[in-house]
Each structure stands twice: as C-alpha cells, then as structure tokens.
C-alpha cells in the first residue's frame, strides 16, 4: 500500500472514530453522567450516512469487495471507539486495583472492545451487501434492514460467550422520548428503533421529508406517554434502609483495615435499623461465615430473630472448597421467618470465574474470591410484609431477559427488585452513572421499583417508571431511608421476555434480513 493509500485509510478512520466517541458520550456524558438519546441517534446517523456513501461510491467507481471492506472498516472503527469509551474504566479494575501492568491493562481494554466491534463490522458489511439497489426504491426496507442487522450485532454481543452488553445504544434513551417504549420493547427494541431512525435520516439526506418518520415516532411516543394504558398496579408501600459503607476496593479485603471496618460498620447499622427492610450491598460481609470473628454471624442472626425486627438482606460469600463458592444474598429475619438465600447466577468473566485458557491472565491480578459457582436461574423471591422481593447481584441487572424469567408466573412475580452491588472496582468513573441507568432501564422494562444498595454508589431508590426518587451522595458513608411502592401486573416486555427470552427479537430481525436477501436475489 503506497503512502497516499495509507493516508486515505487513516483519514477514513477519523470520522467513524469521532462518531463512535459521541455514541459513548450519549450513553453517559463525561462530567454529568447524563444520557442523551438525541446524540445517540445523531452519532449513529453519521455512521449510516457513511455507509450509504460507500454503497453509491462503490457502485460507480469501485468493486463490491472494496465496498464490503470499507463498510466493515467504518463499522468496526465506530464500534471500537464507542465500546472503548463506554468501558475504559475496566483499566481501573485491572491496573489500579488488580495490579496488572498499565500497558497490559490498556491493551486488554482495547482488545476486548475491538473483538466485540467485529459484530458491528459484520453488520455494516452485510447491510452494504444487501442494501445495494434498495436505497432509492425501498428506503423503508433499507432502514429496517440496518436496524435488524445492528440489533443482531447487539444481541450477539449481549448473549454470546456469556454476554457483555454494557453500553448498549438503548441506554442512551433512559431519559429520552423513546424511553416510553421500554415496557413494550426493552432496551434492545429501543436500540432497534433508534437505528431505524438513524438510517431513515441518512437516506433522506436531511431533507424535509426526513422529518416524517421522525415526527411520526415522536408523536406516537408522546401520545403513549400521555395517554398510554397503565400496565401495572400498586402492591402497597414499604419502608427500606439501604446501606453504603464506602470502602475502597484497595483495602476491602485487607484484614487490618477494610475487613475490620466493614464488619464493625455494617454490624452497627444493621442492628440499629428500625425500617421494615434493611439491605446491605454485595459482599458487605467480606468473609465466609466460618472465617468471621467468633460469635459475629450468630450474633446478627440472634438479633434479627427477635419478634418485631426488620428483614435484613445481606451480601456475603458462601460455600467451601468441596461445594464451590457463591456470591450470595441471605436474609436475616424474625423467628419463624424462613431462611432465604439467593446465589448470583450470571457471573462476571475474569472477576468471578476464570474462562478456560485465561487462568494465567487472572493470576497476574490480585483479585480475591475470583472463582465462584453460578446459582440457578429459577430462584424464588423472598416474601415480606405483602411484597415479593427479588434480589440480583451487581452485573446481573444488565440482563433484563434473565430478570424477566422470574415473571413467568404472574401470581408469584416480584413486586420489587433489589440490586446489591460493589463497583468500587472501577473507582470514581462513569461506570457508576452507567450502572444507575441500567437499573433504571430494568425498572421501566419490568414495571417494578429497583432498590439499589451499593458499596460506593449509586445507592438509590428507583420507582417503577425508572425515576430516581432518593439517592445517597456517592463515595460517602451513610444510609438511605425511604419509601418504595411495589407493583403487580406484567408489562408487555415482562410477559414476552418471561415466556420466550429474546427470541422474538432474534426472529424478527432474522425475518427482515431474509426478506432483504430474497429481494436482492429477485432484483
């Protein structure tokens, strides 16, 4: 490749990289942490416009092979920049906390983002291959094809190889006009709608007629928000106290500081709570019960066993070498209250289990308790004072379809969700804002409040419409006392996702691709 060609290839990477960076900012804006749905659609429109240009340019001057390579290059660069911007904070966990050398930690983030970007590179190449000839005569099909291929890439990233859907485009709309579609379509459906809008705007060249689909979506969305049906009903109110000890991950498992501090503070706060429900975050008790100071765990159990005491949900590791270890939430309640235990099901690769072939990588970092056993997928809720509380641990609320599996039986469906988290691994970064948006999206999808007890933030009470009603200041020590309203009934998303998972989306997207392929061959 001569110097001119190298320069052209370098320049061709600039615009998708900038657009991808804007996509990451749309998920959570640096400085404010605010999501901006309009920016997500705009950044994706830039990519879509680039793809339409590739089709026209290749048709008149270059080969189809050149077009496919250009499309894959543009989509891959866009996605790599977007994903790197979304989860660059993994560097903090690997280097600042885990002790991995800085160059290796940075390289690991880039390699992960680049590997996941291949899904989107393939989607863009497939669109160029199938959309040629349809751009002028069938813009609706071309737009639906782009939305379907883009959504398939999102689904593959979110489900294959255990899945890592952090930063999916739909999260940018948690505060936007499209948020009203969450209880109907879920985050992937919102992302598909945004991708459809982006391509329609790109195909119309920003002419006046481009406003027709945009205005149509906005009018329907506003109408649904203003006059849409009430999808769930009240199941009564409850009082809760959420605990946040703010213990740095660098000392969390240090016997002389973090462990001693956690045991003393959580013991004092749990015993002094007078709310109906008190929740301590993930691994609030950072040791296996048999390694705790003598009488510590038995003392807590004895305290909460007395009549009139609240229910406590406490994050604690459980298990042994023979049975395996679990990242768990256990209940402490009055005498006669049945023991309850929830074991985390969807584990974090490298943090909670070691993928085959990567033991050497994990051993380079100082990550205690890095190999857990997964719990079952059909674990029950805990019934308390008229509410059915469904715990999930940290990263698990990233998978709405898995939380929806608990809604198969409407009579036993949770009335409230309880997330216990510890993302101190990632420091004071946008990970805190992004995770809060994820929890808010789950609340909207499933029509349930989300009670978040975290180690460093964001400890919050989220209502069933995704609104944060109360929140503790981040990176401070304290307790959040507030009220939540449990909900009964199923949203459309909860109903179809509980019955079929994400298969309806897979099927619909594949059907659109099939129609486009048939049209291409028939042309």
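The values are calculated or read from the model by the stated rules, or taken from the named source; none is laboratory data. Predicted model only: the values in this text are computed from it and were never measured. FYI the Cβ positions are ideal-geometry reconstructions off the backbone, even for glycines, and counts take in every protein chain you see.
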>> Under 8 Å between Cβ atoms, which residue pairs at least 6 apart in sequence (or on different chains) link something in region 500-523 that is touching a residue at least 60 places away in the same chain (Cβ under 8 Å) with a partner that is part of a loop (DSSP other than H, G, I, E, B)?
In response: 519/138; 520/132; 520/133; 523/133
> Among 330, 382, 348, 279, which is the only one that is at pLDDT 80 or above and in contact with a helix residue (DSSP H, G or I) (Cβ under 8 Å, 6 or more places away or on another chain)?
Replying inline: 348
> residue 452 passes all but one of (1) closer than 25 Å to residue 158 by Cα; (2) in contact (Cβ under 8 Å) with a residue 12 or more places away in the chain; (3) touching a helix residue (DSSP H, G or I) at 6+ places or on another chain (Cβ under 9 Å); (4) not in a strand (DSSP E or B); which number fails?
Replying inline: (4)
> With 113, 106, 123 as the choices, which residue is farther than 21 Å from residue 513 by Cα, modelled with pLDDT of 95 or more and over 21 Å from the mean Cα position of the chain (by Cα)?
Replying inline: 106
> Out of curiosity, is residue 396 on the phi < 0 side of the Ramachandran plot, out of contact with any strand residue (DSSP E or B) (no Cβ under 9 Å at 6 or more places or on another chain) and at pLDDT 85 or above?
Replying inline: no
>> Of everything in region 253-275, what is modelled with pLDDT under 90 and out of contact with any helix residue (DSSP H, G or I) (no Cβ under 7 Å at 6 or more places or on another chain)? Give them in sequence order.
In response: 254, 255, 256
>> Give all pairs with beta carbons closer than 8 Å in which a residue from region 391-413 that is outside the structural domain of residue 311 (by TED's automatic domain parsing) and closer than 23 Å to residue 327 by Cβ meets a residue that is at pLDDT below 95 and surrounded by fewer than 22 Cβ atoms within 10 Å (Cβ to Cβ); count only pairs at least 6 apart in sequence or on separate chains.
In response: none
> Could you give every pair whose Cβ atoms fall below 8 Å, whose first residue belongs to region 262-277 and is in contact (Cβ under 8 Å) with a residue 12 or more places away in the chain, and whose second residue is in a helix (DSSP H, G or I) and surrounded by fewer than 17 Cβ atoms within 10 Å (Cβ to Cβ), counting only separations of at least 6 or pairs across chains?
Replying inline: 263/296; 267/296; 267/299; 270/303; 271/303
> In the list 114, 93, which residue meets the criterion of being surrounded by fewer than 18 Cβ atoms within 10 Å (Cβ to Cβ) and out of contact with any strand residue (DSSP E or B) (no Cβ under 9 Å at 6 or more places or on another chain)?
Replying inline: 114
> Within the group 236, 223, which residue is touching a residue at least 24 places away in the same chain (Cβ under 8 Å) and over 27 Å from the mean Cα position of the chain (by Cα)?
Replying inline: 236
>> Filter region 414-428 down to the residues that are closer than 14 Å to residue 449 by Cα and either without any contact (Cβ under 8 Å) to a residue 40 or more places away in the chain or part of a helix (DSSP H, G or I) (or both) and list them by number.
In response: 414, 417, 419
> How many residues does region 443-484 contain that are surrounded by 22 or more Cβ atoms within 10 Å (Cβ to Cβ) and out of contact with any strand residue (DSSP E or B) (no Cβ under 8 Å at 6 or more places or on another chain)?
Replying inline: 3
>> Which residue is surrounded by the fewest Cβ atoms within 10 Å (Cβ to Cβ), if the candidates are limited to region 239-260 and must be under 26 Å from the mean Cα position of the chain (by Cα) and not in a loop (DSSP other than H, G, I, E, B)?
In response: 241
> Are any of the residues in region 288-296 assigned by TED's automatic domain parsing to the domain that holds residue 351 and crowded, with 21+ Cβ neighbours inside 10 Å?
Replying inline: no
> Somewhere in region 491-505, is a residue assigned to a strand (DSSP E or B), surrounded by 17 or more Cβ atoms within 10 Å (Cβ to Cβ) and either modelled with pLDDT under 95 or in contact with a helix residue (DSSP H, G or I) (Cβ under 7 Å, 6 or more places away or on another chain) (or both)?
Replying inline: no
>> For residue 66, only one of the following conditions fails: (1) touching a residue at least 24 places away in the same chain (Cβ under 8 Å); (2) in contact with a helix residue (DSSP H, G or I) (Cβ under 8 Å, 6 or more places away or on another chain); (3) surrounded by fewer than 21 Cβ atoms within 10 Å (Cβ to Cβ). What is its number?
In response: (1)
> For region 405-422, how many residues meet the condition of being within 14 Å of the chain's Cα centre (by Cα) and either within 21 Å of residue 182 (Cα to Cα) or surrounded by fewer than 24 Cβ atoms within 10 Å (Cβ to Cβ) (or both)?
Replying inline: 1
